[in-house]
Amino acid sequence: FSLKKIVLGTAQFSGNYGVTRKNSFLTKNEAHKILKTLLTKKLRHLDTSIDYENSLNKINSFNFNNWQITTKMDPKKLDFSSEQNLYLSVENQIKLIKQNSSIKTIKNLLIRNSDMILTTKGKILYKVLKKIKKNKLIINFGYSIYSFKNLEKIIINFKPDLIQCPYNVFDRRIENIKIKNILKKKKIKVQARSIFLQGVLLKKIDQLPKFFHKWKKLFLNFENSIKINRLTALSLCFNFVNNNKDIDEILIGVQNNKELKEIFNIELKRKILMSKELFNPSLKLIDPTKW
């Protein structure tokens, strides 16, 4: 088993993130422990953003060498007054990220609110992103996807190097055959996030907020799959994503060093039995913005 696919998300370093989060404070000391544990597995890829201010403060003081980052950018914070100004504002955000994280290589630059790429402004942004890549300020660019509605249109007309999208046992929208074929044909990489559905899949139904109780049958079905496979919820969720050959990178988030070590100690199984009934396209459940 290769851990090479793992990218460590740092949104949790900021504070309150995820509906199941117990405490909202992760110390700089704990953040450094997590980064050191990552290094023991020769992993050097972090996912961060200029918006995760507290997290950048915590990682900035770490001694980085040959690390890479995936970073996200909000188009609303860019200057669209002219193509040149747009280029400069993207370049400026890249500089800020590098300064505030002390990491030299931006592997992936992702644009949030991917649907905007289909607008007039989006066309200019796409042009600028290609220039930024050509000038070696980043290695790849892509889109952070929440809705799959326009994905086909976006990847056909404005081909990225990669997309980052949710993927877990309940949310299998990326397995759509048509989308899969386009991604393969165009050699677009896929980075999966929300593999534990912000920690929801790691809890028993009675430990979750009342909001989730309307899907009790689904959660019980999932708990049954855990028993059948003789795995923990953590292991089942990770194996499910890791066994998909179409997923190039897996984004994980942890609240402390102990959780990261648990992920590294996961029992890996090539084959897991999953009920088809677990796939639930109800957006109210699989989209955390609707909680």
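The values are calculated or read from the model by the stated rules, or taken from the named source; none is laboratory data. Computed from a predicted structure; not experimentally measured. A quick note on method: Cβ atoms are made from the backbone with ideal geometry, for glycine too, and the neighbour counts reach across all protein chains shown. Side chains included, ligands, DNA and RNA excluded: accessible areas come from the protein's heavy atoms. Shrake-Rupley method; radii C 1.70, N 1.55, O 1.52, S 1.80 Å.
Hey, what do the phi angles of segment 284-289 turn into as Karplus ³J(HN,Hα) couplings, whole Hz, using 6.51/-1.76/1.60 and θ = phi - 60°, x for Gly and Pro?
Taking θ as phi minus 60°, the curve returns 4, 8, 8, 10, x, 5 Hz for segment 284-289.
Kindly provide log₁₀ I(q)/I(0) values, in the same order as q = 0.10, 0.12, 0.14 Å⁻¹, from the Debye equation applied to equal alpha-carbon scatterers of segment 82-226.
Here log10 of I(q) over I(0) equals -0.46, -0.63, -0.79.
Considering the zone a paramagnetic label at ILE156 would reach in this model (a point 7 Å from Cα along the Cα-to-Cβ line), which residues of segment 89-133 have amide N under 14 Å from it?
none
Under 10 Å, Cα contacts only: if you run a Gaussian network model on the chain, which one of ILE247, ILE156, ILE145 comes out with the highest mean-square fluctuation?
Answer for the Gaussian network model of the chain: ILE156.
Once you've got the Cα coordinates, tell me which of LYS42/LYS104; LYS33/LYS261; LYS136/LYS184; LYS5/LYS245; LYS130/LYS159; LYS95/LYS131 are over 19 Å apart. Write down the numbers at each step before the final one.
Details: LYS42/LYS104 17 Å; LYS33/LYS261 11 Å; LYS136/LYS184 25 Å; LYS5/LYS245 11 Å; LYS130/LYS159 10 Å; LYS95/LYS131 16 Å.
Result: LYS136/LYS184 exceed 19 Å.
Over segment 1-123, what is the relative contact order in whole percent, taking alpha-carbon pairs under 8 Å and six or more residues apart?
Numbers: 154 pairs, mean separation 29.9, N = 123.
After rounding, I find 24 percent.
Relative to the present Cα-Cα distance, how much length would full extension add between ILE205 and ASP79 at 0.36 nm per residue of separation?
40.8 nm
Amide H to amide H, which residues 5 or more places from GLN164 or on other chains are under 5 Å from it, using H placed in the peptide plane?
TYR143, SER144, ILE145, GLN191
Can you list the residues, at least 5 places off or on another chain, whose amide H is less than 5 Å from the amide H of GLN68, using H built in the peptide plane?
HIS45, LEU46
Pull up all non-local amide H partners of VAL7: gap of 5 or more, or a different chain, and H-to-H distance under 5 Å with H placed in the peptide plane.
The list, which skips near neighbours in sequence, is ILE250, LEU251, ILE252.
LYS184 label point, 7 Å along Cα→Cβ, cut-off 16 Å on backbone N: hits in segment 228-267?
So the set is 244-248.
Calculate the dipole size of the chain relative to its Cα centre from +1 charges on Lys and Arg beta carbons and -1 charges on Asp and Glu beta carbons; express the result in debye to the nearest 20.
About 700 debye.
Over the Cα atoms of segment 77-117, Rg to Rh with Kirkwood Rh, two decimal places?
Values: Rg = 11.5 Å, Rh = 11.4 Å.
With Rg and the Kirkwood Rh in hand, the quotient comes to 1.00.
Relative to the first principal axis of the alpha-carbon coordinates of the chain, what is the inclination of helix 28-40, with its axis defined by its Cα atoms, in degrees from 0 to 90 and to the nearest 10?
Tilt of helix 28-40: around 80 degrees.
Would you mind giving the three semi-axes, in whole Å and largest first, of the ellipsoid equivalent to segment 144-291 according to its Cα gyration tensor? Let's see the in-between values first.
Values: eigenvalues 134, 65, 44 Å².
Gyration-tensor ellipsoid for segment 144-291: 26, 18, 15 Å.
Calculated from DSSP H runs of 4 or more alone, at -39500 (n - 2.57) each and per residue, what is the 222 nm mean residue ellipticity of the chain, nearest 500? Present the calculation step by step, with values, prior to reporting the outcome.
Values: 11 runs with 111 residues, N = 291.
The helix contribution divided over the chain gives -11000 deg cm²/dmol.
Convert each backbone phi in segment 262-268 into a coupling constant with the Karplus relation 6.51 cos²θ - 1.76 cosθ + 1.60 (shift: θ = phi - 60°), then list the ³J(HN,Hα) values in order as whole Hz, x for Gly and Pro.
Values, residue by residue: 4, 5, 5, 9, 4, 7, 9 Hz.
Per-residue accessible area for TYR146 at 1.4 Å probe radius, Å² rounded to 10?
110
Take every Cα pair under 8 Å in the chain that's 6+ residues apart, average their separations, divide by the length, and report that relative contact order as a whole percent.
Numbers: 452 pairs, mean separation 56.5, N = 291.
Relative contact order of the chain: 19 percent.
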